[in-house]
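> What follows is a single structure, and I will ask about it in a moment.
The values are calculated or read from the model by the stated rules, or taken from the named source; none is laboratory data. All values reported here derive from a predicted model rather than from experimental measurement. Cβ placement follows ideal geometry from the backbone for every residue including glycine, while neighbour counts extend to all protein chains displayed. Accessible surface areas use protein heavy atoms only, side chains included; no ligands, DNA or RNA. Shrake-Rupley method; radii C 1.70, N 1.55, O 1.52, S 1.80 Å.
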Amino acid sequence: MDENELRLLSTEERRKYYFEKNYRYDANLYYRYSGTVNSKFTKEAHKSELIFYYHKIEKGLSLKNIRPFFGVNAVDYLIDSLYQYVEKYGFDHIAGIAYGNIKKYFDFHKNLDDNGLLLPLKDKFNKLIGTKVDINIISERDYGINIIKKSDVQIENNFKELCFSRHTIRQFTEENVELETIYKAVEIAQTTPSVCNRQASRIHIIEDKKIMEDALRFQNGNTGFENDINKLLVVTSELNDFKTSNERNQPYIDGGMYAMTLIYALHSLGLGTCPLNLALDSDLDMELKKEIDIPENQVLIMMIALGHIPEKLPVAASKKLAIEEVVRVVN
Ligand SMILES: Cc1cc2nc3c(=O)[nH]c(=O)nc-3n(C[C@H](O)[C@H](O)[C@H](O)COP(=O)(O)O)c2cc1C
């Protein structure tokens, strides 16, 4: 519909037009780039399929009561999928983890499989994968389970302090933010949970001031501090890592969680951050991706403006709701 036709519509009709257009755009991208139709159509999608299946093994092995022969069909499928992956892309780190997890599955069943139920699977595994293995590229800690102690997870509780001391910062000094510091924050953010540990989040760091200016033009909430931003991050989710239409919202959930950890990580390293929405019309979404070279198969989650914090500065009060306004106990 062109500008003139749009102008003839009532406000309600125009809103409906944009509503449908934007949803159609999202749905099309998801349909084209997720594994909805073919879970192996790119290396990333195939990798994600391996993670999906090998995670069933490591998850199963981490339960209190492990069910003998759990997920045997998934293991069968994983062996074939791993074989196809290795044939196409070679034996890389992900293949190694899949391999290690399958081995762990067989190890677990060593004394449980009196009737040799798993023998055909083992044979297939050895025949298909046996010769292609380079075990040196993975460590034992990368697959199966790792035993931890309660004291390992119950660390000195300063998370409350971290959360209560974070504010959205809209004033930055001229001091440069080193890329090394951002990498450190990304390393922390990599701990973010993700669906089946598929880790679809990607970070684009914009350094160049001209590119930053062009990118910020697409964003409607940076007026007044756009020139002080030292680095601009764009958080995206890789659609190839998602599988069926049931997961259509997962890119945004995983991406949002990742962005939150990243903001806390940057904050913990002493930097100021301002999350910037990327609630864009589909045409602008396409244009922005082109402008900053973000592949079509990644969806935009948000931008994060960052920089060093001045000695003293105002922040918006941004009062939070009371607990009873957000919590409901179901009983
Ligand atoms: C996804 C998201 C998008 C945001 N977009 C903007 C924005 O465009 N411009 C801006 O100045 N602040 C933006 N904010 C910051 C919010 O206004 C801020 O988080 C909120 O007022 C609470 O304040 P606090 O972060 O200091 O607790 C955004 C926050 C989030 C989570």
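> Rounded to the nearest 20 debye, what is the charge dipole size of region 1-93 about its Cα centre when +1 sits on each Lys and Arg Cβ and -1 on each Asp and Glu Cβ? Working shown, then result.
On the way: 15 positive and 14 negative charges, 69 e Å.
For region 1-93, the charge dipole is close to 340 debye.
> With the full set of protein chains in place, find how many percent of the accessible area of region 156-308 is carbon and sulfur; take the probe as 1.4 Å.
Heavy-atom surface of region 156-308 belonging to carbon and sulfur, 1.4 Å probe: 49 percent.
> Once the dipole of the chain is set up with Lys and Arg at +1 and Asp and Glu at -1 on Cβ about the Cα centre, which of Asn220, Ile155, Asn277 lies farthest towards its positive end?
Going by the charge dipole, the pick is Ile155.
> Next question, about the same structure. Rounded to the nearest percent, how much of the accessible area of region 45-123 (1.4 Å probe, protein heavy atoms only) is carbon and sulfur?
On region 45-123, the fraction of accessible area on carbon and sulfur atoms equals 50 percent.
> Only helical DSSP H runs with n ≥ 4 go in: add -39500 (n - 2.57) per run for the chain, normalise by residue count and round the 222 nm mean residue ellipticity to 500 deg cm²/dmol.
Per the formula, -14500 deg cm²/dmol.
> Determine which lysines satisfy two conditions relative to Lys290: a Cα distance under 18 Å, and not lying fewer than 8 residues away in the same chain.
Filter leaves Lys209, Lys210.
> State the answer as a single residue: which of Ala317, Asn249, Val327 lies farthest towards the positive end of the charge dipole of region 243-331, with beta carbon charges of +1 for Lys and Arg and -1 for Asp and Glu, about the Cα centre.
Val327
> Given 25 °C and 0.890 mPa s, compute D for region 156-308 with the Stokes-Einstein relation, Rh being the Kirkwood radius over Cα pairs; round to the nearest whole µm²/s.
154 µm²/s
> How many angstrom separate the Cα center of region 114-153 from the Cα center of region 156-218?
Using only Cα atoms to place each centre, the spacing works out to 35 Å.
> Only sites in a loop by DSSP and with at most 12 other Cβ atoms within 10 Å count here; which trypsin sites (Lys or Arg not before Pro) in region 241-331 make the cut?
The qualifying sites are Lys312, Lys319, Lys320, Arg328.
> Accessible area per residue, 1.4 Å probe, Å², for region 156-308: what's the number?
49 Å²
> Further question on the same structure: Magnitude of the Cβ-charge dipole of the chain, K/R +1 and D/E -1, about the Cα centre, nearest 20 debye?
Using only the charged Cβ atoms, the result is roughly 1220 debye.
> Probe of 1.4 angstrom, ligands and nucleic acids ignored: what's the accessible area per residue over region 1-149, in square angstrom?
Using a 1.4 Å probe on heavy atoms only, each residue of region 1-149 averages 63 Å².
> Please give the per residue volume of the convex hull enclosing the alpha carbon atoms of region 230-331, rounded to a whole number of Å³.
So the per-residue Cα hull volume is 177 Å³.
> Would you mind pulling out the separation of the Cα centroids of region 36-110 and region 243-270, in Å?
Between the Cα centres of region 36-110 and region 243-270 lies a distance of 24 Å.
> Over the Cα atoms of region 121-196, how large are the radius of gyration and the largest Cα-Cα distance (Dmax), in Å?
21.3, 63
> Another question, then. Taking the radius of gyration and the Kirkwood hydrodynamic radius from Cα positions alone, what is the Rg/Rh ratio for region 43-142, to two decimal places?
Answer for region 43-142: 0.94.
> Can you give the direction-averaged projected area of the convex hull of the alpha-carbon atoms in the chain, in nm²?
Mean shadow area of the hull around the Cα atoms is 23.6 nm².
> Let me ask you something else. Order 7-13, 178-184, 73-79, 27-33 from most to least packed using the mean count of other Cβ atoms within 10 Å.
By packing density, highest mean first, the sequence is 73-79, 27-33, 178-184, 7-13.
> Please give the charge dipole size of region 226-279, origin at the Cα centre, charges +1 on K and R Cβ atoms and -1 on D and E Cβ atoms. Round to the nearest 20 debye.
The calculated dipole for region 226-279 is roughly 80 debye.
> Follow-up question, since we're still on this one. Take each complete run of DSSP H in the chain, measure how far its Cα atoms stretch along the helix's own axis, and keep only those covering 24 Å or more with mean Kyte-Doolittle hydropathy at least -1.0; list them.
Correct list, ordered by number: 43-61, 72-89, 250-268.
> Set the Förster distance to 41 Å, then compute FRET efficiency between Asn4 and Phe225 from the Cβ-Cβ distance, nearest 0.05.
0.65
> Anything over 26 Å Cα to Cα? Flag those among Lys64/Lys160; Lys64/Lys104; Lys64/Lys243; Lys43/Lys124; Lys122/Lys149, in the order listed. Write down the numbers at each step before the final one.
On the way: Lys64/Lys160 31 Å; Lys64/Lys104 17 Å; Lys64/Lys243 28 Å; Lys43/Lys124 23 Å; Lys122/Lys149 33 Å.
From the list (Lys64/Lys160; Lys64/Lys104; Lys64/Lys243; Lys43/Lys124; Lys122/Lys149), the Cα-Cα distance tops 26 Å for Lys64/Lys160; Lys64/Lys243; Lys122/Lys149.
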